[in-house]
Amino acid sequence: MRRTTLVTAAAAVSALVLTACGGGDGGSASGDSGEITFWDTSGPNESPVFTTIAQECATKGGYKVKTETVAFDQALNNYRTAAQGGQGPDVFRAEVAWVSQLAKLGYVVDLTGTELASDTSDFLETPLGSTKFDGKPYGVPQVTDSLALFYNKKLLADAGVEPPKTWDDVKAAAAKLGGEKTIFINNDAYYALPFIYGEGGDLVDADAKKIVVNSAENVKALETAKGLLDAKAASTALDPANSYNNMQAAFTSGEVAMVVNGPWSVADYLKGAAFTDAANLGIAPVPGATAGKGSAPVGGHDYVIRQGTKAKDSSVKFIACMSSTESQARIAKELGLLPTRKSAYDNADVKANAVVSAFEPVVTSAHPRAWIPEGGQLFDPLKIAYADVLAGKKDAKAALDDVAKAYKDTVVTEYTVG
């Protein structure tokens, strides 16, 4: 998952993909325009690869594709506005939390009866869950992700420190790793989830329709994060808007020894002075309250088709090609992004990718989020609370009580608190 604070807005670009002469069976003769607009919400490191694969899929499939790169932090609102007016892309790369929301609004196609829903057994269970709403399929998993512990191997080795398995291990290592230079804690809500899940907490209980964000487990989780700062075993940014960029700069320069982040960050790390030797970048599961109990959220992106598209058949073909084992293996090889198909992990190139191999056990044990239409709206109130706790402006209980109230008042109004 890439939160809005993680993304540099990409300039809108278009790449028109032409088919070979003669076209295919997705043209106007069958009631399908044969021309697809694909909104790609990835960043500048990833978009060229997706555009190239889209081009190749179109050539093989006999249709045309225009790929438009849309800034992630504007994409959902832009899509909803366009779809409401019967406009917008034919295929959209949606963050996993968006799919159920768009399905509830009637802005994406129910894929029941298409080849995309005929056999989904090869997809990992948790990413596949993000494509469902009311038991029906509305998307196809593109890539998945989670959070892991990234560490500077040389700094840890020189200090005689093993990658920590618990937050107490992090605190204990601080004396050898330079105190506050041990780990940088990003104060964004998504990065609070490893602390919360590691304590057995959650934000809501969707099945019971309960708000549980202010549970005793979650209070302890945020107190653990704040405790690292109080013990001078971690640093953070007091300015939430710059927290992610500050974390990236500190880690890539070698100023801090560890951070928690996702696979999308690797390309940036390998450009940094501390990782001119890529082998110096270590990846391990996030620490937990106890050893082996670390737990990180599942993120990623899904392909969806806009309701009202004039190229449904071509869009189905396009997604089938883009989400194939071959395409996923190529994306993993070239970008280090994590496949959603089990079969892709058996590919030799995928197995040889150190980042993907390191993240495979992280992803398979990742904690599913609540796949509800309001899921994406759960983060903004938590982001404010988490930043306030880390900055010492509020204690954890008071901050999380405020989040619970915000959820009840504006997000999941039909849920009960507690």
Rough spin-label spacing in nm, given labels placed 7 Å along Cα→Cβ, for K405 and D122: 5.1 nm
What residues qualify as long-range amide H neighbours of D145, i.e. H under 5 Å apart, gap of 5 or more or another chain, H built at 1.01 Å from N? G299, G300
Show me, for the stretch 337-347, the HN-Hα J-couplings you get by feeding each phi into the Karplus relation (A = 6.51, B = -1.76, C = 1.60, θ = phi - 60°), rounded to Hz, glycine and proline as x. 7, 8, x, 9, 9, 4, 5, 5, 6, 8, 5
Where the centre of each part is set by its Cα atoms, how far does the stretch 250-297 sit from the stretch 362-402, in angstrom? 22 Å
With an 8 Å Cα cut-off and a minimum separation of 6 or more residues, compute the relative contact order for the chain in percent. 24 percent
Past 31 Å, Cα to Cα: identify those pairs from K171/K408; K132/K333; K181/K408; K136/K165; K104/K393; K104/K210, in the order given. K171/K408; K181/K408; K136/K165; K104/K393
Calculated from backbone phi, Karplus (6.51, -1.76, 1.60) coupling profile of the stretch 106-117 in Hz, x at Gly/Pro: x, 9, 10, 7, 6, 8, 3, x, 9, 5, 5, 10
Shape category assigned to the stretch 127-226 from the gyration tensor of Cα positions, a/c cut at 1.5: oblate
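What FRET efficiency do you get for D110 and L238 if R0 is 51 Å and r is their Cβ-Cβ distance, rounded to the nearest 0.05?
Details: r = 46 Å, r/R0 = 0.90.
The computed FRET efficiency comes out at 0.65.
With runs of 4+ DSSP H residues as the only contributors, calculate the mean residue ellipticity of the chain at 222 nm using -39,500 (n - 2.57) per run, divided by the residue total and rounded to the nearest 500. Can you show the working numbers first?
Numbers: 16 runs with 154 residues, N = 418.
Rounded to the nearest 500, it is -10500 deg cm²/dmol.
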What distance in nm lies between label points placed 7 Å from Cα along the C-beta direction at A278 and R80? 3.9 nm
Under 18 Å from the A159 label point (7 Å along Cα→beta-carbon), backbone N, the stretch 282-324: 282-288
Counting pairs of alpha carbon atoms under 8 Å apart in space and at least six apart in sequence, what relative contact order in percent does the stretch 292-385 give? 30 percent
Once the in-chain neighbours fewer than 8 apart are removed, the lysines whose Cα is under 17 Å from K64 read K310, K312, K317
So who's got an amide H within less than 5 Å of the one on S42, skipping anything under 5 residues away but keeping other chains? H placed 1.01 Å off N, in plane. V70
Starting from the amide H of I36, placed 1.01 Å from N in the peptide plane, find each other amide H under 5 Å away whose residue is 5 or more places distant or on another chain. K64, V65, K66
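Could you tell me the convex hull volume per residue, in Å³, taken over the Cα atoms of the chain? Write down the numbers at each step before the final one.
Working: hull volume 55.0 nm³, N = 418.
Hull volume over Cα atoms, normalised by residue count, gives 132 Å³.
Restricting to the chain, what percent of DSSP beta bridges are antiparallel, rounded to 5? It would help to have the intermediate numbers written out before the result.
Values: 30 of 45 bridges.
Taking every DSSP beta bridge within the chain, about 65 percent pair in antiparallel fashion.
Only the coordinates and a few stated rules stand behind these numbers; no lab work does. Source: prediction; values computed, not measured. Note that we place each Cβ from the backbone using ideal geometry, even for glycine, and neighbour counts take in every protein chain shown.
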